[in-house]
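Below is one structure, written out as structure tokens; the observations come after it.
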Amino acid sequence: MTAAPAIIILGPSALPCARRIQALYPQADIHGLHSRVTDVERTYEDFGDNLRALYRTGTPLIVLCAAGIVIRSLAAVLGEKDSEPPVLAVAEDGSAVVPLLGGLGGVNRMAREIAAHLEVSAAITTSGELRFGTCLLEPPAGYVLADLEQGKGFVSDLLGGQAVRIEGDAPWLMQAKLPVTDDATRVIHISPHNRAANADELLIHPQQVAVWVERASADLLSELRQALQASNLAPQSLACLLAAPELMANAELNSAAAQLKLPLRFIDDATQLPPLHSQHTNLRLLLAAAPIDANQLGRPRGRLTVIGLGPGAAEFMVPAARQALDEAQDLLGYETYIKMAGPLRPEQVRHCTDNREEMQRARHAFALAASGRRVV
């Protein structure tokens, strides 16, 4: 799950359970039917229209109502199985958690997380997970399946009785209930290297490669592709882009990270860097011994957004301002205005000051953003 989920409720009776789930996913907004619920982050007029609009944007959906209502509402927009977001139905009292869609997007993992948080059992029905205790087509964070279509046939073979052997480091598979034998012809191969999967092989790439960018140019993506090819590393093995803080405002670097959908981190201390794998003109490829958690390296690019609240009533606030507030880690402003900007989450830091301290606020805001915080 990369995007924050939306928690959808129809009436106030579901709000206590929705708040419990929101504690598990603090970035999630609760959406309530406008005519019934007001004490939520967002309201909607039509249940089906709201559900379909969120689904089309790839937003994971946690819907507190009967599963049938969710299925009928989304039936018209269901697409390819490998591109759908997770969709779950949860009983409004929290007594049942049912994963409906998004088996390749982490829906079963989310179902187990929510069920554990609510202290109930998740209604998992996926045959591969029930048999093997893991979804081979959805590896955990830090691992990427090379070929989904080939993977479907591979899992089907295992369900049909074929044995398998494992080559490479895959700690999560050691806990699975796979039919493992040393002489099996079917192979799960874990490798960061770039090659086509063999016919009887499930190829999984661990995200062990970080890219240190020394100089960012308009040709950065092309240079990176050439470097990966020369080093025989799979694009799927990329974990993050790294650079010195001096490049934090570089447009080409930020554009490359966005196009690659990779975290971008800025590092002062070179001792944090993984070992060098290969050196290229404007970048270095670094290869760690295990998948890289980019959140443990350096700091992210900060963001400073200056907004106005509009006339004052919440319904007149422009959507871009509301989105900036929802995504912020820190809010700086005159105390009265910050109170008007709610609802805010408990973990959002409020820096309330007097109405005549604009210069101090501005300096503080820039300092927070420069440290990697999202500031409004």
Which condition breaks for Asn250 when tested against (1) closer than 30 Å to Tyr334 by Cβ; (2) more than 23 Å from the chain's Cα centre (by Cα); (3) at pLDDT below 95?
(1)
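Filter segment 105-124 for residues that are on the phi < 0 side of the Ramachandran plot and open to solvent by 40 Å² or more (accessible area, probe 1.4 Å) and give the result. Explain how you work it out, then say what you get.
So in segment 105-124, the residues on the phi < 0 side of the Ramachandran plot come out as 105, 107-118, 120-124.
Scanning segment 105-124 gives Arg109, Arg112, Glu113, Ala116, His117, Val120, Ser121, Ala123.
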Mind checking whether some residue in segment 197-207 is in contact with a Leu (Cβ under 6 Å, 6 or more places away or on another chain) and in a loop (DSSP other than H, G, I, E, B)?
yes
Give the residue, chosen from Arg265, Arg303, that is open to solvent by 60 Å² or more (accessible area, probe 1.4 Å), within 23 Å of Ala369 (Cβ to Cβ) and in contact with a strand residue (DSSP E or B) (Cβ under 6 Å, 6 or more places away or on another chain).
Arg303
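Have a look at Ala199, Ala257, Ala239 and point out the one that is among the small types (Gly, Ala, Ser) and open to solvent by 50 Å² or more (accessible area, probe 1.4 Å).
None of the others qualify; the one that does is Ala199.
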Where in segment 86-156 are the strands (runs of 3 or more DSSP E), entirely inside, with at least 1 residues that are farther than 29 Å from Pro192 by Cα and of a type in the set (Val, Ile, Thr)?
87-90, 97-101
Taking segment 353-365 and keeping only residues that are modelled with pLDDT of 95 or more and not aliphatic (A, V, I, L, M), one is left with Arg363, His364
Would you check if Gln296 is at pLDDT 90 or above and over 10 Å from Val376 (Cα atoms)?
yes
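Would you confirm whether or not segment 169-177 contains a residue that is part of a loop (DSSP other than H, G, I, E, B) and either crowded, with 20+ Cβ neighbours inside 10 Å or of a type outside the set (A, V, I, L, M, F, W, C) (or both)? Walk me through how you get there before you give the answer.
Taking segment 169-177 first, the residues part of a loop (DSSP other than H, G, I, E, B) are 169-170, 176-177.
Subset that is either crowded, with 20+ Cβ neighbours inside 10 Å or of a type outside the set (A, V, I, L, M, F, W, C) (or both): 169, 177.
The answer is yes; a qualifying residue exists.
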If we scan segment 83-93, do we find a residue that is surrounded by fewer than 17 Cβ atoms within 10 Å (Cβ to Cβ), more than 20 Å from Gly58 (Cα to Cα) and either more than 17 Å from the chain's Cα centre (by Cα) or at pLDDT 95 or above (or both)?
yes
Kindly indicate the residue of segment 320-352 that is among the hydrophobic types (A, V, I, L, M, F, W, C), crowded, with 16+ Cβ neighbours inside 10 Å and modelled with pLDDT of 95 or more and also farthest from Glu41 (Cα to Cα) among those meeting that condition.
Leu332
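Suppose we filter segment 137-165 for residues that are open to solvent by 60 Å² or more (accessible area, probe 1.4 Å) and either within 20 Å of Leu238 (Cβ to Cβ) or in contact with a helix residue (DSSP H, G or I) (Cβ under 6 Å, 6 or more places away or on another chain) (or both); how many remain?
2
The values are calculated or read from the model by the stated rules, or taken from the named source; none is laboratory data. What you are looking at is a predicted structure, and each value in this text was computed from that prediction instead of being measured. Glycine gets a Cβ as well: all are built from the backbone with ideal geometry, and neighbour counts include every protein chain shown. Calculation scope for accessible area: heavy atoms of the full protein, side chains included, ligands and nucleic acids excluded. Shrake-Rupley method; radii C 1.70, N 1.55, O 1.52, S 1.80 Å.
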